[in-house]
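Asks: Got a structure here, written out as structure tokens. Questions coming.
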Amino acid sequence: MRISESKGVRNWVAVLLLCVLIFLPSLVHLPMPRGPFNDKVAHLLVYAVVGFLVLRGARSLPLGQSRVAAVCFAFLVAVLIGMADEVHQLFVPRRSMDRVDFLCDIVGVTCGIVLYVIVWLREDRNVPDRSPTD
């Protein structure tokens, strides 16, 4: 396995672990603390990380050679993760699907992807030109 392949696997393992961390707590009802930090903020922050990590993983795929394709793929996968979490809650006692939570998931995914694209653009700008010298 090449180094880039193992890095790609690590990137997707991070996404998988985050999905486990998202789905396991939704099996139980945890009260949210009062104050400025509520469950909508939690959804936004967690799914920003999901968007960031999924796009990082998408770069390791062949479609990752195209920035637009990688971003579209990452957005679709990350939003599907959020949708799966909300639908999953329909089948958990004392939990329910919340459209506003899902909207916060989408906003978070978008923020995470935008942040990763900024990092990606800066990374590309800092790579020296590899043109051959004769």
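Asks: Determine ³J(HN,Hα), in whole Hz, for all residues of region 106-116 in sequence, where each value follows from phi through the Karplus function 6.51 cos²θ - 1.76 cosθ + 1.60 and θ = phi - 60°; x replaces Gly and Pro.
Replies: Per-residue couplings from phi come out as 5, 4, x, 4, 4, 5, x, 5, 4, 4, 5 Hz.
Asks: Could you work out how much longer the chain between Val100 and Leu21 gets when fully extended? Use 0.36 nm per residue separation minus the Cα distance between them, nm to one decimal.
Replies: 26.4 nm
Asks: Further question: Net charge near Val92, counting Lys/Arg +1 and Asp/Glu -1 over other residues with Cβ under 12 Å of its Cβ?
Replies: 0
Asks: Now, a different point. Order the peptides 90-101, 65-76 from the highest to the lowest mean number of other Cβ atoms within 10 Å of their residues.
Replies: Ranking the peptides 90-101, 65-76 by packing returns 65-76, 90-101.
Asks: Here's something else I'd like to know. Quick one: net charge around Leu44, please, counting Lys, Arg +1 and Asp, Glu -1 for every other residue with C-beta under 15 Å from its C-beta.
Replies: It works out to a net charge of -4.
Asks: Next question. Could you compute the FRET efficiency for Val87 and Leu121, with r as their C-beta to C-beta distance and R0 at 25 Å, rounded to 0.05?
Replies: Efficiency at R0 = 25 Å is approximately 0.15.
Asks: Extending each Cα 7 Å along its Cβ direction at Gln65 and Ala14, get the distance between those two points in nm, one decimal.
Replies: For Gln65 paired with Ala14, the spin-label model returns 2.4 nm.
Just so you know, all these numbers are worked out from the coordinates, no wet-lab data involved. On a predicted model such as this, the values are computed, not experimentally measured, just so you know. So basically every Cβ, Gly included, is an ideal-geometry build from the backbone, and we count neighbours across all protein chains shown.
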